[in-house]
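Report on the following structure.
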Amino acid sequence: MALTRARARESVERGFAKAQALGFKVAIAVVDDAGHLVVCDRMDGALWVTPEIARAKANAAAAFHATTLDLEERFTKRQLFADNVATLGDYQFVFGRGAVPLVEDGRIVGAVGVSGAVPADNDHTIADEAAGHPTLPASH
């Protein structure tokens, strides 16, 4: 099943509610499983650059079928690889905390990325809430 705009909007709204409860101004981007932008929104008062960062985090989570929390830990030991992948092709990737895949019927259908809640552990908390605390399918 493809990621719908309605599902993406619901994710953004859940994330905004969590950000507000935590006292942060953030941007949230939702991409489909191929990294195509479905929805992106920025709270009033969030920095202008946060939408681009949120989308790049979502791209990474969708491409690698993992949270960026996991990717950050994985790629810390392989910084050269991470730097090369971050500039690969037409996509931009950010491997810092703040993106979680969206799962439907045990399949990753996209990802949600968050930027603006420093430190980035808060971005991850908001993204996890926005994504609905998914259980990720086993790695391929």
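Some observations on this one:
- Both radii were evaluated on the Cα set of the stretch 62-135; the Rg over Rh quotient, with Rh as the Kirkwood radius, amounts to 0.97.
- Dipole magnitude (debye, nearest 20) for the chain, charges at Cβ of Lys, Arg, Asp, Glu: 60 debye
- Here the label points at A34 and E52, each 7 Å from Cα along the C-beta direction, are separated by 2.5 nm in the simple model.
- Gaussian network model of the chain, Cα within-10 Å springs - most flexible of G96, G45, G15: G45
- The slack in the chain from R5 to E104, taken as 0.36 nm per residue of separation less the alpha-carbon distance, amounts to 34.2 nm.
- From the alpha carbon centroid of the stretch 16-45 to that of the stretch 62-108 is 17 Å.
- Cut-off 17 Å, label 7 Å out along Cα→Cβ of D90, residues of the stretch 53-79 by amide N: 56, 59-60, 63
- The heavy atoms of D128 present about 40 square angstrom of accessible area, all protein chains included, probe 1.4 Å.
The values are calculated or read from the model by the stated rules, or taken from the named source; none is laboratory data. Predicted, not measured: the structure shown is a model, and the values here were computed from it. All Cβ positions, even for glycine, are placed from backbone atoms using ideal geometry, and neighbour counts span all protein chains on display. Protein only, heavy atoms only, side chains kept; ligands, DNA and RNA dropped before computing areas. Shrake-Rupley method; radii C 1.70, N 1.55, O 1.52, S 1.80 Å.
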